[in-house]
Amino acid sequence: MLSPTVANAQQSADTLRRNEQGDKCTPKENIYRLGRGVYTDTLRRADFRARASDVAELDDCDTTLQTFVLVRRPSPWRVGAYVGPNFAYCGTWDATFGNNRRDNTLYNGTGFNITLNTDYFLSRPERRLRFGIGAAFGYQNYRTRRDYIDFLRTRASQLGIPNTAEVQIRQRSSEDFFFTLGPVLQWTFARSRRNPSCTSFLELSPKIGIYRTEAALLAASVPSLNDRLVRMVSPSNRLNHFGGNLSLGVFFPLRNTWHVGVQAQGFYTGLNYFIVDGVADQLLSYYRKHGGFNAGLAVRKGFQQKKLIPKAPVSCPTCDSVPVVTVRFANQTPLGGLSYVGDSTAANSLPSISWRSRTVNPKNETFTARLYYRPDSVAAGSPASDQIIAEVVNTTDTTLTFPSTYVDEAGRARRGFYYVTVHNRQTAKCGTCMSEVATTSFALLKPNFTPQAPCEFRHKLERLEVFYRNPYTRDIASVCYCNGEVISVGEKTTRLRFSGLNRRLAIDPYTFDSTALVLNFSQLPGPLAQQLLEEKRKIESGQGIRYKGRRVRPQVQYFRAVFSAEQLPCNGQEGRPVGSFNVIVSDNTYSITDLKPLSPEQYQKLTAPAAPQPSRRRR
């Protein structure tokens with residue numbers, strides 16, 4: 001489609017306005033403006049789609065309100081007209097226009113041709129070569145030459161009429177009507193730069209159709225001899241013939257989609273006519289080929305399609321979402337917002353800089369990212385300001401590569417202060433926006449302190465005890481009492497019973513040191529777990545009892561101990577207690593399953609040595 005001429009509904013407050021285009025090919029007309037004055041009833045969206053379903057909506061920027069525009073574009077329809085002198089061709093130039101003309105029957109001379117045509121083009125109007133279908137309707141005639149009068153008077157003298165003035169002559173010229181259809185080819189050889197619809201073109205159109213041909217009427221009679229007929233040429237009863245024409249023209253633009261030019265046409269069809277010869281007293285029927293050509297002035301009138309196009313509401317992009325910046329080492333260790341000692345980082349582990357967009361439905365979103373650097377110590381002659389050492393501008397990538405010139409021999413980033421800035425940008429037809437700048441920083445510094453040894457914690461398990469169940473049997477019989485006296489005693493039944501026993505283990509307090517404070521063991525240290533396992537095996541392998549033919553041995557339930565932790569003196573600091581706890585140790589996993597804090601008084605009471613038992617004298 002050619003570039004449309006658009007009348008926007010947002011310019012002035014008047015209802016009508018006149019086109020101010022200076023191009024001669026632009027139509028001169030009033031364009032109704034919508035949304036102002038009387039013309040406030042704009043089409044609803046559904047109504048517009050029902051009337052102009054083949055027109056795509058405009059996508060240029062507009063306000064959030066629904067508006068409409070008037071779009072003008074070339075129509076595929078075109079009409080034309082042609083008029084010019086017409087000639088019947090008789091085989092040769094001399095036989096048509098010379099002294100010895102061949103047509104001595106109908107005496108066709110020069111006439112005129114009028115043709116009206118309608119064309120519909122299938123090709124787009126911006127193409128240089130266009131193809132279409134056309135229809136033509138025309139009329140043409142031929143002036144009868146004066147030679148026929150001398151011929152008829154000569155024929156009258158052959159009948160013995162001495163006074164040829166008594167001969168009455170009647171005449172009507174030959175004429176044709178035609179209706180043809182065929183293709184139309186248009187080749188544009190010049191086009192205006194200001195208006196693509198202002199063109200100069202050649203037109204070629206071969207057509208075929210129906211010709212209604214009527215021969216000339218030439219009659220001579222003698223009224224004084226009872227209207228005796230001397231000779232008559234008249235049209236036949238067969239008037240319609242199949243025929244065709246070929247037109248070629250060149251056209252130049254005028255104003256308001258009018259074109260003017262010159263056109264030449266040729267035609268070819270058939271012709272039937274009668275001859276009544278009064279001398280020989282005969283009626284003769286003839287058929288001959290009928291052709292000719294004409295040339296003259298022609299005009300063409302194009303049309304413009306005018307439709308209301310809804311402009312969909314388009315909101316300009318808003319860059320209110322700031323990108324999220326992430327800086328990590330190559331091993332995924334976080335780096336953004338942190339400082340590291342330069343030599344403490346892993347070798348060949350460079351910072352990885354990336355970001356992600358948080359914009360919903362972005363429009364042509366691009367990113368600009370920059371990496372700045374400042375050394376941790378400024379030497380004489382070195383720049384004191386921040387340096388941009390890497391950047392990407394208006395890119396769709398979401399990563400920034402760390403520059404190789406700032407990598408030392410060990411594959412680490414050079415010591416110094418770094419910070420990253422990232423912002424996004426969106427571009428649309430109605431404008432451009434830029435978001436706020438997202439920043440993050442990191443530092444790789446040289447060591448300026450002596451690392452201190454980590455403090456150690458001492459852990460102690462005291463008063464280890466084991467809780468187990470010891471089996472025994474008891475005889476049970478049902479006794480019947482009556483008024484306090486035993487009436488009867490039933491049979492005795494032996495039942496299995498368990499007694500819970502708590503025994504202190506003969507194990508010294510277990511102590512171990514570590515740099516990490518441990519308050520909940522997932523697994524006891526190996527030597528202690530081995531000692532508890534030996535105690536459990538010793539108890540459960542002890543002598544049991546027999547019950548119903550099987551041996552039942554004691555069963556260990558759990559171990560119990562007092563657990564305490566304290567921080568040892570280090571780095572000039574005094575030691576300090578961390579806490580005391582009463583713990584339960586599982587006999588299966590040998591891990592602490594319960595841990596309850598103890599007050600200092602409770603701890604002292606549980607860990608104090610047992611008081612000596614007073615000795616008993618024997619008698």
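Quick one: would you say Arg463 is in a strand (DSSP E or B), in contact with a helix residue (DSSP H, G or I) (Cβ under 8 Å, 6 or more places away or on another chain) and either surrounded by fewer than 16 Cβ atoms within 10 Å (Cβ to Cβ) or of a type outside the set (A, V, I, L, M) (or both)? Answer is yes for this residue. Flag not set for Ala369, criterion: in a strand (DSSP E or B) and closer than 30 Å to Phe201 by Cβ. Residues that are in contact (Cβ under 8 Å) with a residue 24 or more places away in the chain and outside any strand (DSSP E or B) within region 210-226 comprise Ala215, Ala216, Pro223, Ser224, Leu225, listed in sequence order. Scanning region 391-407 for residues that are in a loop (DSSP other than H, G, I, E, B) and open to solvent by 80 Å² or more (accessible area, probe 1.4 Å) yields Thr396, Asp397, Thr401. Evaluation of Val327 against the conditions (1) farther than 15 Å from Arg414 by Cα; (2) touching a Gly at 6+ places or on another chain (Cβ under 6 Å); (3) of a type outside the set (Asp, Glu); (4) at pLDDT below 85 shows that the sole unmet condition is (4).
Among the residues making up region 412-437, those that are assigned to a strand (DSSP E or B), at pLDDT 90 or above and either surrounded by fewer than 16 Cβ atoms within 10 Å (Cβ to Cβ) or aliphatic (A, V, I, L, M) (or both) are Val420, Val422.
Restricting the search to strands (runs of 3 or more DSSP E) fully inside region 531-592 and requiring at least 3 residues that are open to solvent by 20 Å² or more (accessible area, probe 1.4 Å) gives 545-547, 555-567, 576-586. Scanning region 203-213 for residues that are open to solvent by less than 30 Å² (accessible area, probe 1.4 Å) and either more than 18 Å from Val79 (Cβ to Cβ) or over 60 Å from the mean Cα position of the chain (by Cα) (or both) turns up at least one hit. Restricting the first member to region 121-136 and to residues that are assigned by the TED database to the domain that holds Val184, and the second to residues that are of a type in the set (Gly, Ala, Ser), the beta-carbon pairs closer than 6 Å and six or more apart or on different chains are Phe121/Gly132; Leu122/Gly132; Arg130/Ser123; Phe131/Ser123; Gly134/Ser205.
A search for C-beta distances below 8 Å between a residue of region 576-599 that is closer than 11 Å to Phe559 by Cα and any residue that is open to solvent by 60 Å² or more (accessible area, probe 1.4 Å) and β-branched (Val, Ile, Thr), counting only pairs 6+ apart in sequence or on different chains, returns Ile584/Thr593; Val585/Thr593; Ser586/Thr593. Looking across region 227-254 at every residue that is assigned to a loop (DSSP other than H, G, I, E, B) and under 29 Å from Phe293 (Cβ atoms), the one that is least open to solvent (accessible area, probe 1.4 Å) is identified as Ser236. Note on region 120-178: among residues that are in contact with a Ser or Thr (Cβ under 6 Å, 6 or more places away or on another chain) and basic (Lys, Arg), the one that is surrounded by the fewest Cβ atoms within 10 Å (Cβ to Cβ) is Arg128.
Does Leu338 meet the test of being open to solvent by 30 Å² or more (accessible area, probe 1.4 Å), at pLDDT 75 or above and not polar (S, T, N, Q)? Yes: the conditions hold for Leu338.
Being surrounded by fewer than 17 Cβ atoms within 10 Å (Cβ to Cβ), in a strand (DSSP E or B) and more than 38 Å from the chain's Cα centre (by Cα) is a property that holds for Val262. Determine whether Arg191 is more than 26 Å from Asp147 (Cβ to Cβ) and either crowded, with 21+ Cβ neighbours inside 10 Å or basic (Lys, Arg) (or both). So Arg191 passes the test.
The values are calculated or read from the model by the stated rules, or taken from the named source; none is laboratory data. None of these values were measured; they are calculated from a predicted model. Reconstructed Cβ throughout: ideal geometry from the backbone, glycine too, with neighbour counts over all protein chains shown. Note: areas computed on protein heavy atoms with side chains; ligands, DNA, RNA excluded. Shrake-Rupley method; radii C 1.70, N 1.55, O 1.52, S 1.80 Å.
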